[in-house]
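Each reported figure results from applying straightforward, stated rules to the coordinates on display, with no laboratory input. The model shown is predicted, which means the values in this text are computed figures rather than measured ones. For neighbour counting, all protein chains shown are included, and Cβ atoms are generated from backbone atoms with ideal geometry for every residue, glycine included.
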Amino acid sequence: MLTMGLDIGSTACKCIILEDGKNILGRAVVSSGAGTVGAQKVYDEALAMHSLKREDLGRLMVTGYGRFSFETADNQKSELSCHAKGIAFLMPTVRTIIDIGGQDAKALRLNAKGMLDSFVMNDKCAAGTGKFLEVMAGRLNLQTEELGEWDAKATEEASISSTCTVFAESEVISKLSMNVNLADLVAGIHRSVAKRVAVLAYRNGIVKDVAMSGGVALNKGVVRALGEELKTEILVHADCQLAGALGAALFAWEELCKQA
Amino acid sequence: MTETVAQKPKRPLPKSRVMVAAQTAKVYQDAWDAKARGEKIGWSTAIFPQEICETMGIPVLYPENNAAAISAKHLGDDLIAYAEGQMRYPMNICSYARLNLALAEKIQDPAYNTADPLLPSPDFVLLANNSCTQLMKWYEQLSHNLNIPIFFVDCLFNYDEEKPAAYKVTYIRKQIESYIAEMEKFSGKKFDWDKFLEVQKRSQINSKLFDDIIQLNTRVPAPVNGFDFFNYMSCLVLCRGKESTTEIFKQLKLEIEEHIANGTTSFPAKEEYRVHWEGIACWPNLGHNLKTLKNYGVNAVINGYVTAWNIVYEPGNLDSMAYAYATSSTNSLTTETIMNMRSDTIKKFDCDGMLCHVNRSCKMMTFHIFVGRNIVEEKTGVPCSNFDGDQSDSRVYSEAQFETRVQGLVEIMKENKEAKNG
Amino acid sequence: MVNLDSLFNELDTIAVNPRIALDKYLVSGKKVIGCFPIYTPEELVHAAGMIPMGLWGGQTTPSVAGQYAPIFTCSLLRSCLEFGMLGKYQGISAALMPMLCDTYRGVSGAWRVGVKDIPLIAFIHPQNRKLAASREFLAAEYGAVKTKLEAIAGHVISDAAIKNSIGVYNAHQAAIREFCEVANDHLDVVTPKIRHTVMKSSHFMEKGAHTAIVSQIIDKLKQLPIHQWKGKKVILTGITGEPDDLLDLFAENKIAVVGDDLAQESRQFRTDIPKCGGPLESLAQQWLDRTACSTVHEVNSSRGKLIVDLARKYGAQGIAICLMKFCDVEEYEYPMLVKAAEDAGIPSLSLEIDQSTMNNEQSRTKIQSFAEMI
């Protein structure tokens, strides 16, 4: 039996097709977020990839910021529960998850059974979120996807002290005008995000293993800086960006089993 | 309030500064020694009636002063992050409190030695809320986290223009009396009222002397870089009732008089403009502040913060002392009262403008600025400029913004001068 | 015959738009005194024959308050200042303001320059409460407030009148406490929003009139069969649990509010005014008796214990900490509250309360996740 998890985030939509609650059959990611055609597109793509139709899905669960507005869904669940569920499936030893999303950052703690135990989220502020990285990348004329590669080339991390996105942007501009190396600037930006997110993680308590989920986890520079701030290794699964969608697909499977 | 101005001095420090450093080191050492002997030591808010512990010879250290010193040495960020992370304090509370609450926990580990100067852990805290209400919440947390008693003198807030009514002064005086009795019990030491009178007299001599020194900077050009005064505040916070402070102030006065006689100044550039600095220093950004001001020839000749320790009363009269502690802090008076005082100071010091630190940590001072700048502009005709910053949290300040605001202020001051000189 | 819905609607109209109540009192010739939260001696206003009316701000994005109030002012006092500056409180004869925190210290100055048509009567509670001198002080302070109110009322406020008002207030508190108890047997009817409305509306009504309505509500609830609530239950703590949309998110996720330590709600109603010398001393003693509140100095605050006890007493699975942004007195206590819940094995949820933003998306995610978790 197939279930689908659809994660409609603020900057990207992710989709997983799961077989019998065990095997990941299909994956799809579209980099446009909630309120766009992204959700429909990723959904269509995932189905098309395996020549499936809606009727082939036993159950469809949506999550993410756009979770209330996808009509064909059977149910919706919060992205916190879904990320916890997805990561616990991918990496059963993980007890702490850090998820940096497009407009928020969260730290989740799981109990020994892999269930969500407690969580904290950032204030309504762009600092320490994907949005912050996006603004800074824009300022440096880079794509956000390129930030990780540039980070690896840094030799001396530039210091970005302001938390405020507007002030930090002006720091970046002034450092650019002083000819600070681009890679060093990128590393400094990652440090700034990591410091902010580390506060959240510490606030929620850190139990090993620690993993990152969400799309920002693909940025090796953020993972590096966060690992340094938390003084611990951070696990990143190849499917980290799809963890929320996977969790949703798993919940769909559980609901299906309950119905039966 | 600290010995470390971020800018490295080109010349050897003046003798008075060396004396300050030695005095501060001694206060910390005395506290550590007492702690080692198993005696009780305390932490105190900056404008607490220090005369009582001074009389009883009980060592007391001052977290506000300590936090400022640590921040000026750029050692505060990790502590602040620890307070917000592991300890879960929201980032919007006072940064001195965040820094100190983290430090109070860190120093429970004898191996901890990252912060400088390092305080011994307190056995009690002394709380006066005349600077703000957050002090009360901060010290409640210290007491809660360390399980130690609070000695509290509630100094109220003077929400009306008129002088505090007699029943308010009585309430504060009775608290001081009760505190003396409690401290006798707690410390097992007898309170010596004769010595108390001596300490009160000494405190008055020091307050008066510092005020005289500040007044010397009314001269144009000023003999002192206004930022230098920050370096002597520790004398008033840590050692208001000590003779060593008198010696330091006498020496400082000599040095300034020498500048006046020689026509020299400690301001490192030509004084083009004189401004009144409003608010606490941005300790982590002192270097950038000073560099920028110097580049524009702006001497912050006077600031309201360094005059907050002018606690004047009649020795031997507890009501008079209670009254002084209720009214000396900038933050215990209404905006109108404070801004009228500032306007007078601006005229007296011949300031061309006012530079206001919108300090994220200090709500009360910020309100004074927001509500009061109209009063200052109307009464004095000088322009005011605000900038964002913080006393300890380096994440709030923006170098670019500070420079823009200073430059903007300078442009207006320049126009005003040109108009005046026709 | 009135039914529960019409009683709730009556209170809801007032809670949502206090201006309607204000205008009604003004038209009837009553003088109205604005009362900034919390622990303002409303009894003195009541005894003067005037109407004490709570000033609790409201959901608004301030446009003019920023002139005097920095962005890091709590949204409650920022919106009060905004409404004052925009003339939305017009008709109020004066405003009583307690100097409970730094923001109040600052806003007292801002109010005086920004809202010139409503005179400010500021006063301060003593925080060093263990000395007998603190009661003497507060009685004298309330005496000074009384004198200022007498000038507005145009007549003396007698001791007998204050004693009478104390009776009215104690009876009102008792009614509210009973309502909260009875409500827990009818969580299908008393939604989080209705529970809030019943208490909030009391700030905008003459207390005797409010008691009468609440008593009717209690009677009608008691006539209903006891409802076995199948959803989750939580306790709220903080300054306010507003706006209504936030409370609706609890309902949407099948979470009932079964107890609270909100300054706008139960915190105000849990300490009776004792008999103690003259009436001013009685009012002063009530302040000295208050505990477990962020605005009250207490060595080793009992607030953590209070919320855990509440949760246990009413079988709540979680504690929602409604943290008003930039309310420093509350922010200092946040770690202590999380720790108390943690030590008791009760999950806690932190929600950001902010009157200046309408966006509840983050709260929605948090509350839904919390419901999925507990």
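Expressed to the nearest 5 percent, the antiparallel share of DSSP beta bridges inside the protein assembly as shown is 25 percent. For peptide A:199-208, the mean count of partner chain Cβ atoms within 10 Å of a residue's Cβ comes to 4. For chain B, the normalised intensity computed at q = 0.06, 0.07, 0.09 Å⁻¹ comes to -0.23, -0.32, -0.54 (log10 of I(q)/I(0), Debye sum over alpha carbons, equal scatterers, no solvent). Peptide B:134-140 has a mean shielding of 6, counted as Cβ atoms of other protein chains within 10 Å of each residue's Cβ. Annotation: amide H of A:GLY101 within the under-5 Å range of A:LYS106, A:GLY130, sequence separation 5 or more or interchain, hydrogens built in the peptide plane. From largest to smallest, the equivalent ellipsoid semi-axes obtained for the stretch B:208-282 from the alpha-carbon gyration tensor read 22, 16, 9 Å.
Sites listed here are trypsin sites (Lys or Arg not before Pro) in the stretch A:13-82 whose DSSP assignment is loop and whose Cβ has at most 15 other Cβ atoms within 10 Å: A:LYS22, A:LYS53. Restriction of the trypsin sites (Lys or Arg not before Pro) in the stretch C:212-242 to DSSP coil positions whose beta-carbon has at most 13 other beta-carbons within 10 angstrom yields C:LYS230. Here the protein assembly as shown is assigned +1 on the Cβ of each Lys and Arg and -1 on the Cβ of each Asp and Glu. Its dipole about the Cα centre then comes out at about 760 debye. Roughly what angle does helix B:363-380 make with the longest principal axis of chain B, taking Cα atoms, 0 to 90 degrees, to the nearest 10? Helix B:363-380 sits at roughly 40 degrees to that axis.
With θ taken as phi - 60° and the Karplus curve 6.51 cos²θ - 1.76 cosθ + 1.60 applied, the whole-hertz 3J(HN,Hα) list for the stretch C:109-116 is x, 5, 4, 5, 8, x, 10, 5 Hz, x standing for glycine and proline. Rounded to the nearest 20, the size of the Cβ-charge dipole of the stretch B:133-240 about its Cα centre is 240 debye, with Lys and Arg at +1 and Asp and Glu at -1. Enter the Cα centre distance for the pair the stretch A:1-74 and the stretch B:102-136, rounded to the nearest angstrom. That distance is 53 Å. Counting neighbouring beta carbons within 10 Å and listing from fewest to most, the residues C:LYS88, C:LYS366, C:LYS254 come out as C:LYS254, C:LYS88, C:LYS366. Rounded to the nearest 0.05, the FRET efficiency derived from the C-beta distance between A:GLU146 and B:LEU13 at R0 = 51 Å is 0.55.
Taking the inverse of the mean reciprocal distance over all distinct Cα pairs, the Kirkwood hydrodynamic radius of the protein assembly as shown comes to 31.0 Å.
Scanning chain A for long hydrophobic helices, with DSSP H runs required to stretch 20 angstrom or more by C-alpha along their axis and to average at least 0.0 on the Kyte-Doolittle scale, returns A:182-204, A:243-259. Label point 7 Å out from B:LYS347 along Cα-to-Cβ: which residues of the stretch B:376-391 have amide N under 15 Å? Within reach of a label on B:LYS347, which here means backbone N under 15 Å from a point 7 Å along Cα→Cβ, the stretch B:376-391 contributes B:376-382. Restricting attention to chain A, close to 60% of DSSP beta bridges with both partner residues there are antiparallel. Taking a ≥ b ≥ c as the square roots of the eigenvalues of the Cα gyration tensor of chain A, is the shape rounded (a/c under 1.5), prolate (a/b larger than b/c) or oblate? Taking the square roots of the gyration eigenvalues as a ≥ b ≥ c, chain A is prolate. Placing pseudo-labels 7 Å out from each Cα toward the beta carbon at B:ASN262 and C:ARG19 gives an inter-label distance of 6.9 nm. Ranking B:PRO90, B:ASN65, B:ASN100 by how far each Cα lies toward the positive end of the dipole of the stretch B:63-125 (charges on Cβ) leaves B:PRO90 at the top. Pair-distance distribution P(r) for the stretch C:82-239, from all Cα-Cα distances in 10 Å bins starting at 0: 8, 25, 31, 24, 11, 1 percent.
Descending by average beta-carbon neighbour count within 10 Å, the peptides C:280-287, C:152-159 line up as C:280-287, C:152-159, the highest first. Against the empirical 2.2 N^0.38 Å (N residues), the stretch A:4-147 has a Cα radius of gyration ratio of 1.09.
Among A:THR163, B:THR170, C:THR237, sorting on how many other beta-carbon atoms sit within 10 Å of each Cβ, with the fewest leading, yields B:THR170, A:THR163, C:THR237.
Amide H to amide H distances under 5 Å link B:PHE124 with B:ILE41, B:TRP43, where only residues 5 or more positions off or on other chains count and H is placed in the peptide plane. Using the Cα coordinates of the stretch A:1-59, the gyration tensor eigenvalues translate into equivalent-ellipsoid semi-axes of 20, 11, 9 Å, sorted from longest to shortest. Helix B:193-215 and the long axis of chain B differ in direction by around 10°, with both axes built from C-alpha atoms.
Among A:89-96, B:258-265, sorting by the average number of other beta carbon atoms lying within 10 angstrom of each residue, highest first, gives A:89-96, B:258-265. For the stretch C:215-300, the share of alpha carbon pairs falling in successive 10 Å distance bins from zero is 14, 30, 32, 19, 5 percent. For A:LEU110, the residues whose modelled amide H falls within less than 5 Å of its own, excluding neighbours fewer than 5 places apart on the same chain, are A:THR96, A:ILE97, A:ASP117. Across peptide A:158-167, the mean count of Cβ atoms from other chains lying within 10 Å of each residue's own Cβ comes to 4. Pairing the Cα long axis of helix B:318-327 with the longest principal axis of chain B, what angle in degrees results, from 0 to 90 and rounded to the nearest 10? It works out to around 50 degrees. Restricted to Cα atoms, the stretch A:25-101 shows a radius of gyration and a Dmax of 13.6, 37 angstrom. Distance between the pseudo-spin-label points of A:ASP56 and B:SER320 (7 Å out from Cα toward the beta carbon): 9.5 nm.
Under 20 Å from a label point 7 Å along Cα→Cβ of B:LEU118: give me every residue in the stretch B:132-160 with its amide N that close. Output list for this probe position: B:146. Taking 1 over the mean of 1/r across every pair of different Cα atoms in the stretch C:88-164, what Kirkwood radius in Å do you get? Across the stretch C:88-164, the inverse of the average 1/r is 14.1 Å. When Rg and the Kirkwood Rh are both derived from Cα coordinates, the Rg/Rh ratio for the stretch B:317-367 amounts to 1.06. Averaging 1/r over each pair of different alpha-carbon atoms in the stretch C:36-157 and inverting the result gives 15.2 Å, the Kirkwood hydrodynamic radius. Taking θ as phi - 60° and the Karplus parameters 6.51, -1.76 and 1.60, the scalar couplings of the stretch B:400-409 work out to 5, 5, 4, 4, 4, 5, 5, 4, x, 4 Hz in sequence order, x denoting glycine and proline. Based on Cα atoms of the stretch B:283-422, Rg over Rh with Rh as the Kirkwood radius reads 1.01. Residue-wise HN-Hα couplings along the stretch B:13-30, as the Karplus relation 6.51 cos²θ - 1.76 cosθ + 1.60 with θ = phi - 60° gives them from phi, are 4, x, 4, 4, 5, 5, 5, 4, 4, 5, 5, 4, 4, 5, 4, 5, 5, 4 Hz; Gly and Pro carry x. Among the trypsin sites (Lys or Arg not before Pro) in the stretch A:109-191, those placed in a DSSP loop whose Cβ has at most 13 other Cβ atoms within 10 Å are A:LYS113, A:LYS153. Which of C:TRP56, C:ILE194, C:PRO126 sits closest to the plus end of the dipole of the protein assembly as shown, meaning its Cα is farthest towards the positive end, when Lys and Arg get +1 and Asp and Glu get -1 on the C-beta? Farthest towards the positive pole: C:PRO126. Peptides B:241-254, B:360-373 ranked from most to least packed, by the mean per-residue count of other Cβ atoms within 10 Å: B:360-373, B:241-254.
Across all directions, the shadow cast by the convex hull of chain C built on its C-alpha atoms averages 17.9 square nanometres. Counting every other Cβ atom within 10 Å of each residue's Cβ, B:PHE186, A:PHE167, C:PHE204 order from fewest to most as B:PHE186, A:PHE167, C:PHE204. In the stretch A:80-209, a dipole from Cβ-located charges (positive for Lys and Arg, negative for Asp and Glu) runs towards its positive end, and of A:LEU142, A:ALA187, A:THR155 it is A:ALA187 whose Cα lies farthest in that direction.
Placing +1 on the Cβ of every Lys and Arg and -1 on the Cβ of every Asp and Glu, with nothing else charged, gives chain B a dipole about its Cα centre of roughly 520 debye. Taking a point 7 Å from the Cα of B:ALA25 along the Cα-to-Cβ direction, the residues of the stretch B:210-232 with backbone N closer than 19 Å to it are B:231-232.
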